[in-house]
Amino acid sequence: MNSNELDILLDRADSYAEAGDPKAALQFYSAALGEAQRSGVARPALLERLQQAQGFVRDQGAAFQQALNAAMAGRSGANPTQTLRMTHALEMIEGKRGIFPQEPSVLFYPYLAHQQFWDPSEFDWSAELEAATADIREELLAVIDDDSAFQPYVEDYEDRPVRDFGGLNYNDSWSALHLIRDAKSIEENAKRFPKTMAALAKVPLSNIGRRTPVAHFSRLKPGAHIPPHYGMLNCRLICHLPLIVPKGCVFRVGNETREWEEGKLLMFDDSIQHEARNPTDRVRVILLFDVWRPELGEAEREAISAIFNTIDDYRPLPTA
């Protein structure tokens, strides 16, 4: 677009502003600013008009935000989840929050609620597990300084292309002590953590083919950053029971960032982009495990497991 065309957009915007139609003016001013940014127009007289357009857009944006805040002032839902949805919807309109869809790497199961964090109090087993925190932490502390007990969380497979995971491949900055892996109990480790295993036995862990359940102590060393990534499916919830959490460690799921609190469960949909940071000088350790999403019926759970068993069992036809 040349400068004459920008003049036309600005003239249209000015005429609507003078006629008392700020909405139409805003559209034309915004279009002119966008085109000017793309084309890099630098005529001095035009720059002055564009600066005036920026001021108009800024002032209208502030006025609109005030109107939205006034419309939402004092409103709350019938429960915390409803209030959270209302608050986040407003923040998305204002551009303070992005929209993060479910993007599982293997299986997307349709029509499940798009919810980043879940309230543990909605699950009848959560309080008993949280009450076991002290016993679980006591067992963990017996091995916390034994690096040989933990192994790097990100490992490569000889028969698959290498995927760079932010430099964490075979890096013990993010490591795990596995209790249940690929649906199998790691007996050597399970024997060392009888109280932890007893607590997990009361949790309805997922059972997705030979992929889950999983349960492990996840350790982040000082300065470690788990980069943004997605889980393999949206049919389960990942649970974190924080055990050792220095102040300042943060966990983001989608557009919401939280700090772990020792002894208080975090439950989230890992098919939504998520990442973790430990900017402190101490290790952070949580107990991680997974459960089915509550919306799924037994027939659906069996079907999902069958899909993953087929994926794991399938052998391509031999090449000619």
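The values are calculated or read from the model by the stated rules, or taken from the named source; none is laboratory data. Being a predicted model, the structure only gives us computed values, none of them experimental. Ideal geometry is used to build each Cβ from the backbone, glycine not excepted, and the neighbour counts take in all protein chains shown.
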Failed criterion for residue 113 (all others in (1) closer than 27 Å to residue 275 by Cβ; (2) surrounded by 14 or more Cβ atoms within 10 Å (Cβ to Cβ) hold): (2)
Options 271, 305: the member that is in the same structural domain as residue 167 (by TED's automatic domain parsing), among the hydroxyl-bearing types (Ser, Thr, Tyr), closer than 28 Å to residue 210 by Cα and buried (at least 20 other Cβ atoms within 10 Å of the Cβ): 271
Looking at (1) in a loop (DSSP other than H, G, I, E, B); (2) in contact (Cβ under 8 Å) with a residue 40 or more places away in the chain; (3) of a type in the set (Lys, Arg), which one does residue 219 not meet, given that it meets all the others? (1)
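With the condition kept exactly as written, say whether any residue in the range 152-175 is β-branched (Val, Ile, Thr), without any contact (Cβ under 8 Å) to a residue 60 or more places away in the chain, surrounded by 12 or more Cβ atoms within 10 Å (Cβ to Cβ) and not in a strand (DSSP E or B).
no
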Do we have any residue at all in the range 129-137 that's surrounded by fewer than 16 Cβ atoms within 10 Å (Cβ to Cβ), of a type outside the set (A, V, I, L, M, F, W, C) and in a loop (DSSP other than H, G, I, E, B)? no
Say whether the condition of being assigned to a helix (DSSP H, G or I), closer than 30 Å to residue 285 by Cα, over 19 Å from the mean Cα position of the chain (by Cα) and not assigned by TED's automatic domain parsing to the domain that holds residue 307 is met by at least one residue in the range 69-85. yes
So the check is Cβ under 7 Å with 6+ separation or different chains; which pairs have a first residue in the range 18-37 that's surrounded by 12 or more Cβ atoms within 10 Å (Cβ to Cβ) and a second one that's charged (D, E, K, R)? 28/12
Considering (1) within 23 Å of residue 84 (Cα to Cα); (2) in a helix (DSSP H, G or I); (3) of a type in the set (A, V, I, L, M, F, W, C), say which one residue 303 fails and leave the rest. (1)
Filter result for the condition that a residue is more than 33 Å from the chain's Cα centre (by Cα) and outside the structural domain of residue 234 (by TED's automatic domain parsing), over 49, 38, 58, 97: 49
By residue number, the members of the range 94-113 that are modelled with pLDDT under 85 and touching a helix residue (DSSP H, G or I) at 6+ places or on another chain (Cβ under 8 Å) are 94
Residue hits (the range 70-84; within 28 Å of residue 22 (Cα to Cα) and either in contact (Cβ under 8 Å) with a residue 12 or more places away in the chain or in contact with a Leu (Cβ under 6 Å, 6 or more places away or on another chain) (or both)) are 72
Matching residues, the range 85-98, being in contact (Cβ under 8 Å) with a residue 60 or more places away in the chain and either touching a Pro at 6+ places or on another chain (Cβ under 8 Å) or among the basic types (Lys, Arg) (or both): 97
Breaking point among (1) in the same structural domain as residue 303 (by TED's automatic domain parsing); (2) in contact (Cβ under 8 Å) with a residue 12 or more places away in the chain; (3) under 27 Å from residue 303 (Cβ atoms), for residue 112: (1)
